[in-house]
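What follows is one structure encoded as structure tokens, with my remarks underneath.
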Amino acid sequence: KTGSSAARPACDRNRSAGALAMATVDYSVLSVGQGLQAESDGLFYSAQVVMVSESKNRAKAPVKVHFVGYGPEYDEWVGASRLKSKALKAQVAAKGGKGGKKGKTERPRVFSLPDQIARFERAKKEDNKRYLDITTVYDGSVFKGKRVLIVGASKGLGFEMAKELKTQDAEVIATCRASSPELESAAKQVIKDIDVTSYDSMKKMAEAIKDPLDYVIFNAGYFPDIKDSLDSVQAKEAIKQFDIQACGPIRCIGALKAADKLKGAKVVIISSQAGSTRWRFTQNKGEGGNYGHHMSRAACNIGAALMSEELKALEVPVVTLHPGFNRTTMTAKYAHIWDAEGAVEPSEGAKRVLYECGKITMKTSGQFINCEDGLQIPF
């Protein structure tokens, strides 16, 4: 499921800050390595204290925290309003003191919101052009002359990416099980009868590619319209989803590496926010379900993270993308919430994905990014 109909409220920073404005916080009770919870973009995550500063310049945010499970690049300086700890005590100070306006420094956002409706509503409230109209920031000219392999290009998002890349004078190599005149027109090369569940088929694909690649976009996916719950266990369908969405990217990139076709390339794995374990507690709150879908996407994300480490020595970045909520046959089972959750046509979704593809570097390798707002999704 792409989102929850009941928005999960973000933390009320203004209320917290207001309460603490009347208090003197004793940070000395915190020690390096101490476990607590720290907030980031409306959600509290497990964290550890890295440092407690006594500098006046750090008075508003004197505690540096490390978010457990994330790299040091996500460490942040925070204040009491963004911390939860039994050890942290606030002493109510006497009323009074100097008044006046306090400046507000906006922190750059790192993570996207888990609630699809809340995310879409925030974008509208803030008039976020990048979210609401990708054409205001998208510049496809970066793909001119680039050789782009799209694995799974016969329809939907993959086909729309192929068409868009053609308009940008890119050289598209498209794989599919069965081709069409439209796909033949969009791609410079179409490799037919490709099955991502077969390593031999992936080797056939790699051998058919003669020149170096600039981008590899693995877009193959499968999302059956079935009831998948504890009352209707769908083990065979789950295994099929794992085979396509979790093992498929490994076979694909493995075959390209063996054929020496990855040198200089950037690898993109199209996954889904459905693979975020952390977000299940919002998007599937009180209902669970769709086990094969969520577990296979989580496995896909793990695979991409591992590939990003294995290919680091070759300087081949690997990024996982949630393409956003697109109005495709794969999401047709959720057509009744397309409007409320901001689903877009696949032609717009293709530009969202390609916009993120154009920004990939070794510094972003290993990240899981939401193409709707360009922010990261926690694994």
Taking every Cα atom in the range 151-220, find the radius of gyration and the maximum pairwise distance Dmax, and write them in Å. 11.2, 32
In the neighbourhood of Ser347 defined by beta carbon distances under 9 Å, the net charge of the other residues (Lys, Arg +1; Asp, Glu -1) is -2
Placing one equal point scatterer on each C-alpha of the range 203-310 and summing with Debye, one gets log10 I(q)/I(0) at q = 0.11, 0.22, 0.23 Å⁻¹ equal to -0.40, -1.14, -1.21
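Over 29 Å between Cα atoms, which of Lys204/Lys236; Lys210/Lys333; Lys84/Lys351; Lys124/Lys240; Lys227/Lys351; Lys204/Lys363 qualify?
With Cα atoms farther than 29 Å apart: Lys210/Lys333; Lys84/Lys351; Lys124/Lys240; Lys227/Lys351; Lys204/Lys363.
At 0.36 nm per residue, minus the direct Cα-Cα distance, what do Asn284 and Ser347 gain on full extension? Give it in nm, one decimal, please.
Going from the current span to full extension adds 19.9 nm.
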Of the candidate values (i) 0.98; (ii) 1.00; (iii) 1.02, the one computed for Rg/Rh (Cα atoms, Kirkwood Rh) from this structure is (iii)
Report the per residue volume, in Å³, of the convex hull enclosing the C-alpha atoms of the range 309-379. 107 Å³
Taking Lys and Arg as +1 and Asp and Glu as -1, residues besides Asp225 with C-beta under 12 Å from its C-beta add up to 0
Defining a contact as two alpha carbons under 8 Å apart and six or more residues distant in sequence, what relative contact order in percent does the range 126-192 show? 28 percent
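Counting heavy atoms of the protein chains only and a 1.4 Å probe, report the per residue accessible area for the chain as a whole number of Å². Walk me through the intermediate numbers first.
Values: 18750 Å² over 379 residues.
Here the per-residue accessible area is 49 Å².
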May I ask you to order 39-49, 298-308, 136-146 by the average number of other C-beta atoms within 10 Å around their residues, highest value first? 298-308, 39-49, 136-146
Which percent, nearest 5, of DSSP beta bridges in the chain are antiparallel? 45 percent
Does a label point 7 Å from the Cα of Asp200, set along Cα-to-beta-carbon, have any residues of the range 223-252 with amide nitrogen under 18 Å, and which are they? 248, 251-252
Please list 222-233, 313-324 highest first by mean number of surrounding beta-carbon atoms within 10 Å per residue. 313-324, 222-233
Residue separation between Thr277 and Asp260 times 0.36 nm, minus their alpha-carbon distance, gives in nm 2.7 nm
Give me the extension gain from Thr364 to Asp231: residue separation times 0.36 nm, minus the current Cα-Cα distance, reported in nm with one decimal. 43.8 nm
Give the relative contact order (percent, whole number) for the chain; include only Cα pairs under 8 Å separated by 6+ residues. 16 percent
Based on DSSP H runs of at least 4 residues, each adding -39500 (n - 2.57), what is the mean residue ellipticity at 222 nm of the chain after dividing by all its residues, to the nearest 500 deg cm²/dmol? -8000 deg cm²/dmol
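The values are calculated or read from the model by the stated rules, or taken from the named source; none is laboratory data. Predicted model only: the values in this text are computed from it and were never measured. Virtual Cβ from ideal backbone geometry, glycine too; neighbours counted across all protein chains shown. Keep in mind that these areas ignore ligands, DNA and RNA; they rest on the heavy atoms of the full protein, side chains included. Shrake-Rupley method; radii C 1.70, N 1.55, O 1.52, S 1.80 Å.
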